[in-house]
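So the structure is just underneath, and the comments pick up after that.
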Amino acid sequence: LDFSSKMREILEERGKTVLDEFSERCAQRNIKYQTVLDTGLIANEICSRAQIADLVVIGHRGVNEQFSTGLLGTTAESITRKCPRPVFISPMAFREIRRPVLAYDGSERASRAMRAGSTTPSRPRHHCTFQCSSLTESPHA
């Protein structure tokens with residue numbers, strides 16, 4: 001029995017199960033969707049697929065989130081560093097977005113984020129707070 005082949009088979013079956021559950025949820029809500037089962041390093045595969053996307057949406061931790069500590073999981077951190085597109089990182093307990101905050105430092109990337117955020121379809125219904133940060137000392141220091 002080849003351990004590597006057996007492990008690949010188990011992971012592939014798990015991936016198909018997850019995609020089937022996702023497909024069922026989308027169908028119940030009349031949401032258009034497309035599923036793909038890739039094989040490879042997760043962060044690399046997601047970043048590769050991101051080439052044809054406008055936004056990448058991921059969870060901040062994987063399936064073992066309840067056992068982990070720290071700010072981000074290794075996959076989420078890797079994706080945010082490598083991804084050619086904006087990345088939305090959602091916590092486990094997700095709520096509807098009603099009051100977004102844009103951290104703006106005057107850089108070209110922050111300006112692009114501001115432009116992207118101002119053109120989202122939900123923009124007219126929501127108030128956005130702009131957080132401007134600088135390298136100067138706090139007035140309370």
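The values are calculated or read from the model by the stated rules, or taken from the named source; none is laboratory data. Just so you know, these numbers come straight off a predicted model, no measurement behind them. Only protein heavy atoms, including side chains, enter the accessible area calculation; ligands, DNA and RNA are left aside. Shrake-Rupley method; radii C 1.70, N 1.55, O 1.52, S 1.80 Å.
Among PHE88, PHE94, PHE3, the order of accessible area from largest down is PHE3, PHE94, PHE88, computed with a 1.4 Å probe on protein heavy atoms.
Carbon and sulfur atoms: what percent of the 1.4 Å accessible area of region 77-118 do they account for?
Numbers: 1730 of 3280 Å².
Ligands and nucleic acids excluded, carbon and sulfur reach 53 percent.
Per 0.36 nm of contour for each residue apart, how much would the distance between THR39 and ARG25 grow if the chain were fully extended, relative to their Cα-Cα spacing? Walk me through the numbers before you get to the answer.
On the way: separation 14, 0.36 × 14 = 5.04 nm, distance 2.33 nm.
Stretched out fully, the THR39 to ARG25 stretch lengthens by 2.7 nm.
Close amide H pairs (under 5 Å, H built 1.01 Å from N) link SER90 with ILE58, GLY59, HIS60, residues at least 5 positions away or on another chain.
The aspartates and glutamates whose alpha-carbon is closer than 15 Å to the alpha-carbon of LYS16, local same-chain residues fewer than 8 away aside, are GLU24, ASP38.
With θ taken as phi - 60° and the Karplus curve 6.51 cos²θ - 1.76 cosθ + 1.60 applied, the whole-hertz 3J(HN,Hα) list for region 17-22 is 5, 4, 5, 5, 5, 4 Hz, x standing for glycine and proline.
In what order, largest first, do ASP20, ASP38, ASP54 sit by accessible area if the probe radius is 1.4 Å?
Numbers: ASP20 100, ASP38 60, ASP54 140 Å².
The ordering from most to least exposed comes out as ASP54, ASP20, ASP38.
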